[in-house]
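Notes to accompany the following structure.
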Protein chains: 2
Amino acid sequence: MRYAVLGTGEVGRTLGGRLVELGYEVTLGSRSKDNPVGLEWATAAGGRAHAGTFAEAAAAAEVVVNAVGGQVALDALRSAGADHLDGKVVVDVCNPLAFEDGQLRLDPVESDSVAERIQRAFPDARVVKALNTVNCQVMVDPGRVPGEHNLFVCGEDADAKRQVTELLGEFGWPAERVLDLGGIRSARGMEMLLPLWLGLFEKFGHGDFNFEVRRGR
Amino acid sequence: MRYAVLGTGEVGRTLGGRLVELGYEVTLGSRSKDNPVGLEWATAAGGRAHAGTFAEAAAAAEVVVNAVGGQVALDALRSAGADHLDGKVVVDVCNPLAFEDGQLRLDPVESDSVAERIQRAFPDARVVKALNTVNCQVMVDPGRVPGEHNLFVCGEDADAKRQVTELLGEFGWPAERVLDLGGIRSARGMEMLLPLWLGLFEKFGHGDFNFEVRRGR
């Protein structure tokens, strides 16, 4: 399986690095072909790691991971090109964080979500929202946090969700800890968790935490 | 300590009943003095249970619990009267749920919260957001859910938060499981947890669940 990871920020580099470790071919995509961060990452991460434009990354891949910020996600995916997304699993890990007057805001929120926007803009892509509820260190190393803490997935395509759940298993998340919330609309709730997450991040002073859903029956 | 519980819905009756069990005088407040649900509750719940208008309930109480729906919270508190709220702890347990075109919506959301609106409307009340992240059975009986699952509180008044945390202790929540998120603005994150909560409620088919925050350090 060949992966495109769109975004050369910490999330993209961390996910890309883990995918390379797992033995996959990975292209880290960015706006420009000569993005020094992408090139440096590819050199450091070894022979299966490549850097390229969003379009080059997506064209080469069977699975596309959207790891750019929520505010630029649609632009990045448009640059990647609908032709390079159609029929593919697109894992959307981003949060709709925006800065406005020095404040962190969510946009879109509540009546829409980034993941839904992506699915609407690319109706032939098989969008799965996943991983946005933990920081990127925990994404690829759940053992940083004790306990049977959970991830959530949602999306319209059951097979795509199964595929993503398997990938999460390779990251260290047993399937029973990945809670399927149904259709892509449930991305709203996943993205709206962010303000509480940020409050806890501020309280603890680090991102090594996660939520474990405890059930009485 | 005498409590007012505003709202005769399931949340209000459940919280009121638990407070009576704990030995407190409780007035369940509603719009009208002769609300049959309130009167019936007061009769069934015993000698320390009373029913009355929002204003009667708040006037008689040292602590006011807002257990009406988020869409009518400000109206209910205005009926209770600022004079009957000033200086008192107001525990806001509501969620800003609204129905719109047959859809559940949150209003306000993200740039504001019900708890902040209450604090702004009644600047001399000591508003604490609490308990809105679990269903009312779990609120008063955390043992329905296994594990060291958490509650959140926030508000501007540290002493009020301590008082509410003590009350939560009487409900069965040890203080170390009550996470203080800071000022009342953090109510946004607490209220925005609702869509994810509703998704899990739908998935599980019941409300006997809660989130345990697991920390790596």
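Points worth noting:
- Lone qualifier among A:VAL37, A:VAL26 - being of a type in the set (A, V, I, L, M) and either in contact with a strand residue (DSSP E or B) (Cβ under 6 Å, 6 or more places away or on another chain) or within 25 Å of A:VAL127 (Cβ to Cβ) (or both): A:VAL26
- Search result, residues across region A:174-217 that are facing chain B (nearest Cβ under 8 Å), part of a loop (DSSP other than H, G, I, E, B) and free of Cβ contacts under 8 Å to residues at least 12 places away in the same chain: A:HIS206, A:GLY216, A:ARG217
- Hey, B:VAL153 more than 7 Å from chain A (Cβ to nearest Cβ), in a helix (DSSP H, G or I) and under 16 Å from the mean Cα position of the chain (by Cα) or not: no
- Failed item, numbered, when B:VAL109 is tested on (1) assigned to a strand (DSSP E or B); (2) within 14 Å of chain A (Cβ to nearest Cβ): (1)
- Flag if A:LEU167 is facing chain B (nearest Cβ under 10 Å), touching a residue at least 12 places away in the same chain (Cβ under 8 Å) and over 19 Å from B:GLU148 (Cβ atoms): no
- Exclusive hit being within 30 Å of A:SER186 (Cβ to Cβ), modelled with pLDDT of 95 or more and within 14 Å of another protein chain (Cβ to nearest Cβ), set B:ALA67, B:ALA115, B:ALA73: B:ALA115
- Applying the criterion of being part of a loop (DSSP other than H, G, I, E, B) and free of Cβ contacts under 8 Å to residues at least 40 places away in the same chain to the residues of region A:56-86, the residue that is farthest from A:ASP124 (Cα to Cα) is A:GLN71.
- Checking each residue in region A:138-180 for being surrounded by fewer than 22 Cβ atoms within 10 Å (Cβ to Cβ) and small (Gly, Ala, Ser) picks out A:GLY143, A:GLY147, A:ALA158, A:ALA160, A:GLY169, A:GLY172, A:ALA175.
- Being buried (at least 17 other Cβ atoms within 10 Å of the Cβ), among the aromatic types (Phe, Trp, Tyr) and in contact (Cβ under 8 Å) with a residue 40 or more places away in the chain is a condition met by no residue of region A:23-31.
- Options B:PRO146, B:PRO123; residue that is outside any helix (DSSP H, G or I), away from every other protein chain (no Cβ under 13 Å) and more than 22 Å from B:ARG2 (Cβ to Cβ): B:PRO123
- Test: B:LYS129 is under 26 Å from A:PHE152 (Cβ atoms), within 10 Å of another protein chain (Cβ to nearest Cβ), of a type in the set (Lys, Arg) and not in a loop (DSSP other than H, G, I, E, B): no
The values are calculated or read from the model by the stated rules, or taken from the named source; none is laboratory data. Please read these numbers as outputs of a predicted model, since none were measured by experiment. Note that we place each Cβ from the backbone using ideal geometry, even for glycine, and neighbour counts take in every protein chain shown.
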